[in-house]
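The block underneath contains the structure these notes are about, expressed in C-alpha cells.
The values are calculated or read from the model by the stated rules, or taken from the named source; none is laboratory data. Since the model is a prediction, treat every value here as computed from it, not as a measurement. Note that each Cβ is placed from the backbone with ideal geometry, even for glycine, and that neighbours are counted across all protein chains shown. Surface areas here come from the heavy atoms of the whole protein model, side chains and all, with no ligands, DNA or RNA. Shrake-Rupley method; radii C 1.70, N 1.55, O 1.52, S 1.80 Å.
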Amino acid sequence: MKKKSCQIFIVFIFSLVCKTSYGDTWSIKDLDLRDIYTYNYNASHWIEQGNLQEGCSLYGEIEHRITRLPEILQGTDFIQTAYGSKNFKEEVIASFRLDVDADVFIILHSEVCYHPIWLNDYVETGEVVYAGTDNYKVLRRHFLKGSEVLLGNNGNSDAKMYAVAVKPVVKPEIKLPEGKIFDVCKYGAVGDNRTMNTKALQAAINACCAAKNGVVYIHDGIYLSGTLELKDNVTLYIEKGAILRGSQDHADYPRFVSKFPSFRSNEDFQFLYAENRKNIRITGGGIIDGNSIFEGFPWRGKGNEHERPRLIRMVKCNQVSVDNVTLIRSANWTQYYEACEYLSILDCRARCYTGTHNQDGMDISGCRNVVIRNFNGLCGDDVICLKSLSMAVGENILIDGVKSRYANCHLLKIGTETHGGLKNLIARNIEGSARYGIAIECVDGAQMENITYENILLHNCAVPLFIRLGSRGRTFEGGPKPAPQGTLKNVTVRNVRNTGIGYVEVRNGPGVGSAIGGLPTQKIENLTIEDCDLLYFGSIMDKQFITREVPENAEKYPEFNIYGTCPAYGLYFRHIDGLKCKNLTIRVQHTDIRPAVVFDDVQNVEVTGINGESFPFTTPSVVWYKD
C-alpha cells in the first residue's frame with residue numbers, strides 16, 4: 001500500500017470509530033445467546049427491541065400476540081424470545097448488560113407453577129399479560145447500570161416460553177444522530193410491522209443522496225420493506241430499539257443485475273444494495289432483519305442462492321462503513337462485499353442460523369483496505385468467509401476480534417471460490433465453536449500470499465485446521481478460460497488451539513485429521529505453523545490408513561476430508577516447499593495407531609519442538625517423514 005493511501009485509510013477508519021454509538025436498545029446491550037447448536041435455530045429468534053405494546057408477538061419465530069398489557073410494561077424495551085427455547089435445560093440460556101438503572105420483568109406463563117432457581121430474587125407484581133387464551137405472570141427485579149442480567153431456563157418445557165421486558169428508572173435522553181436528518185416518517189413510512197415502506201424509505205434515501213450528505217433516520221418501530229438501493233453520501237441510521245425488516249414477498253425484491261463480472265454476478269436479489277457508490281454508512285444500534293424464519297420459508301430449497309435475497313450486498317463501492325448494527329435471519333449470505341475499497345465493519349453482531357442455507361456472517365471478495373473489528377456471529381454457515389469471486393485482488397485486510405457461540409461451518413475461511421487473488425491478510429483474536437474449524441482454500445487460479453492466522457481459540461470443531469492448494473478450476477462469464485493454476489505462499493498459522501473436538505458424520509466420520517496439502521506440480525510455498533496446541537479425535541486403529549495410497553483429488557471441492565482419513569491423526573503435510581513447525585503440541589482424544597504428524601513430499605523442512613501424543617503401538621513413529 002502506498003504511504004498516502006495508507007494515511008487516508010487510517011483517517012477514514014479513525015473517524016468511524018470516534019462516531020460509533022453502542023447498544024441494542026436504549027437499555028439492553030450485548031445480548032448473548034447459548035441456545036444454539038447443530039440443527040437448533042432458537043438463538044436467531046431472540047430479538048431485542050423497543051416499545052412493547054399490545055399486538056406485539058412474544059416470540060420471534062411464531063405469532064403469539066399480546067392482547068392485554070398492563071400499563072407498567074407499555075412502551076418498555078423487550079426481548080422477544082424463541083418459543084422453542086422452552087425446551088432448554090441448562091442453567092443460563094442468555095445474558096445481557098444494562099445501559100441504565102432498570103427494572104427487569106419476566107413475563108412467565110401461568111402454567112409454570114414452580115419457579116426455577118434463577119428467579120428467586122424476582123418478585124411477583126400481581127400484574128397479568130394476556131396473549132390469546134394464555135395468561136402470563138409478571139415478575140420484577142431491580143438492577144443497576146452496567147449489571148449483567150442472566151436468564152435461565154423456562155422451568156417447565158410443557159409451558160410456553162417466557163419473554164423479557166426492561167424499564168429504565170429514568171427514561172434515557174434520546175440523542176439524534178449528527179448531520180442533516182431525513183426522518184423516514186416524514187416520507188410516509190410507518191413502523192407498525194404491517195405497512196410496506198419500500199417507496200417511503202427509498203424516497204428518503206434519494207433525498208439524502210440529492211442533498212449530498214445526511215442521515216436517513218429509522219426509529220421507533222418495525223419497518224417492513226423490500227429492496228432498498230443505497231446511494232452516495234448516505235448514512236442509514238437504524239436507531240436502538242428499531243428494526244428494518246425484509247418483506248416475505250419475493251415480488252418486493254426487484255432484480256438488480258450487477259454489471260461487474262464475477263462468479264455470483266447472476267444472483268440478483270438483495271435487501272440492501274449498492275453498486276459503484278461511495279461514502280455509505282449503516283449504523284445506529286438497531287436491527288436489520290432478513291425475516292427468513294426457517295428453512296423453506298419464505299424461499300424454499302437448497303442450491304437456489306440465485307433466488308434468495310442477501311441482507312446486504314455492495315459491489316465496487318468506495319468508503320463503506322457498517323458499524324454497530326445487529327443483522328439477523330438473512331435468507332442468504334448476511335453481508336457480501338465485492339471489489340470494494342476502504343471497507344470498515346466495526347462492532348457488529350449477526351444471528352443468522354434459522355435452517356436456511358448459506359447463512360454466512362459475512363463474505364468479503366476482492367476488497368482492498370478492509371478493517372473488521374469486534375464481530376460477533378451465530379451463523380448457519382461460515383462466520384467470516386474471504387473469497388475471490390472476481391478477478392479483483394483482495395488485499396490489505398485486517399480482521400481483529402471475532403466471537404461465535406456457534407458456526408455451522410467454519411469460524412474463519414478463505415475460499416472456496418478463489419479466482420483473482422488475495423494478499424496481505426491478518427486475522428487474529430478469534431474465539432468460538434464451529435462445526436468444522438478454520439480453513440485456507442485456493443483452488444480456482446488465485447494468487448494468494450502473505451496470510452497470517454493468529455490467536456485463535458476453538459472451543460469445539462471437527463478439525464482445527466485445513467489448508468488446501470488445488471486445481472478445481474472454476475471460472476465465470478468474463479473470467480479466464482481455462483482458469484490458471486493458483487499459488488499459495490507465505491502463510492503463517494500461529495497460536496491456534498482447540499479445547500474440544502468432535503466429528504461431522506457426513507465428512508468421513510471420526511478421526512480424519514488435518515489435511516494441509518498442495519499439488520505435486522504446484523506446492524504450497526513457505527508455510528509456518530507455530531505455537532499451536534491442537535486436539536484431534538483419533539480412534540483409528542487400522543494400519544492401512546497409514547500406508548494407503550492417498551488420492552490427490554486435485555479437482556475436488558475443497559473440504560477437510562479432501563484426502564479421506566489422513567495417514568496422521570493430527571497434521572498431514574503434503575506437497576510443500578518450505579515448512580517450519582515450531583513449538584507444536586498435538587493431542588488425541590481417543591487411542592489411535594497413526595502418527596501425530598506425517599510429512600509427505602515436503603521439502604526444506606525445519607522442525608523445532610513437536611510434542612505429539614503417542615501410544616506403544618503408534619506406527620511407525622510419532623513423527624513420520626514418509627519420504
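Only one of the numbered conditions (1) crowded, with 21+ Cβ neighbours inside 10 Å; (2) at pLDDT 95 or above; (3) of a type outside the set (Phe, Trp, Tyr) is violated by Ala203, and that is (1). The set of residues in segment 103-132 that are at pLDDT below 95 and either closer than 21 Å to Arg65 by Cα or of a type in the set (Phe, Trp, Tyr) (or both) comprises Tyr114, Gly132.
Do any strands (runs of 3 or more DSSP E) lying entirely in segment 345-396 carry at least 2 residues that are modelled with pLDDT of 95 or more and on the phi > 0 side of the Ramachandran plot, and which ones are they?
Numbers: elements: 362-365, 368-379, 384-388.
It comes to 368-379.
Each residue in segment 132-172 was checked for being open to solvent by 50 Å² or more (accessible area, probe 1.4 Å), closer than 22 Å to Gly241 by Cα and in contact (Cβ under 8 Å) with a residue 12 or more places away in the chain, and 10 of them qualify.
Of the residues making up segment 76-91, those that are open to solvent by 40 Å² or more (accessible area, probe 1.4 Å) and touching a Lys or Arg at 6+ places or on another chain (Cβ under 9 Å) are Tyr83, Glu90. Of all residues in segment 437-457, those that are within 18 Å of Lys489 (Cβ to Cβ) have Cβ atoms under 8 Å from Cβ atoms of residues that are of a type in the set (Phe, Trp, Tyr) and not in a strand (DSSP E or B), 6 or more apart or on another chain, in Ala439/Phe560.
Against the test of being touching a residue at least 60 places away in the same chain (Cβ under 8 Å) and more than 26 Å from Gly415 (Cα to Cα), the options Pro616, Pro620, Pro595, Pro558 yield a single qualifying residue, Pro620.
Selection of segment 173-197 for residues being modelled with pLDDT of 95 or more and open to solvent by less than 20 Å² (accessible area, probe 1.4 Å) yields Phe182, Val184, Ala189, Asn197. Just give me the residues in segment 57-75 being under 17 Å from Lys137 (Cα atoms), assigned to a loop (DSSP other than H, G, I, E, B) and either in contact (Cβ under 8 Å) with a residue 24 or more places away in the chain or open to solvent by less than 10 Å² (accessible area, probe 1.4 Å) (or both), in sequence order. The answer is Leu58, His64, Leu69, Pro70. When Thr565 is tested against (1) open to solvent by less than 40 Å² (accessible area, probe 1.4 Å); (2) closer than 30 Å to Arg472 by Cα; (3) out of contact with any helix residue (DSSP H, G or I) (no Cβ under 6 Å at 6 or more places or on another chain), exactly one condition is not met: (3).
If you take the residues in segment 246-268 that are open to solvent by less than 20 Å² (accessible area, probe 1.4 Å) and under 21 Å from the mean Cα position of the chain (by Cα), which one is farthest from Gly445 (Cα to Cα)? Before you say what the answer is, go through the steps one by one.
Narrowing segment 246-268 to residues open to solvent by less than 20 Å² (accessible area, probe 1.4 Å): 246-247, 253, 258, 262, 267-268.
With the extra rule that they be under 21 Å from the mean Cα position of the chain (by Cα), the set shrinks to 246, 267.
Working: Gly246: 37, Glu267: 22 Å.
Result: Gly246.
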